[in-house]
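I have placed the structure first, in the form of C-alpha cells, so that the comments after it can refer back to it.
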Amino acid sequence: MYFLYILRCADETLYTGITVDLERRVREHNSSSLGAKYTRGRRPVEVVYSQKFETRSAASKAESRIKTLSRSEKMKLISLSRKTSV
C-alpha cells in the first residue's frame, strides 16, 4: 500500500509526496535529516491530505497530477477531502 500525502508546513506552504509508511515519513519530515530538504527549514509539518493506492505507479501518477495544481486547487482538494472524511 502506498500513500500520497500533502503536508502543510509552518510557513503555510504545501509539500506533496508518496510513502509506504505515512506516520514514519511525517516523523522524518519533522525531526530528522531524512525529511525532504524543502521541509527541513519549514518545520513543523502536518498532514492535511492523504490517499491510499495499491501500486507505486498509481501513487506516483497521482502525485505528479497534484504537483501541477495551483495552490488554490490544492486547497480545494484538501477542503473537499475533509468534508467527505468527517
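The values are calculated or read from the model by the stated rules, or taken from the named source; none is laboratory data. The structure displayed is predicted, hence computed values, not measured ones. Reconstructed Cβ throughout: ideal geometry from the backbone, glycine too, with neighbour counts over all protein chains shown.
Being farther than 22 Å from Lys76 by Cα, assigned to a helix (DSSP H, G or I) and touching a helix residue (DSSP H, G or I) at 6+ places or on another chain (Cβ under 6 Å) is a condition met by at least one residue of region 15-32. Restricting Glu73, Glu63, Glu54, Glu23 to those that are in contact (Cβ under 8 Å) with a residue 24 or more places away in the chain and surrounded by fewer than 12 Cβ atoms within 10 Å (Cβ to Cβ) reduces the list to Glu54. When region 44-86 is filtered for residues that are farther than 20 Å from Val26 by Cβ, assigned to a helix (DSSP H, G or I) and at pLDDT below 95, the ones remaining, listed by number, are Ser79, Leu80, Lys83, Thr84. Scanning region 67-86 for residues that are under 14 Å from Arg8 (Cβ atoms) and out of contact with any Leu (no Cβ under 6 Å at 6 or more places or on another chain) yields a count of 7.
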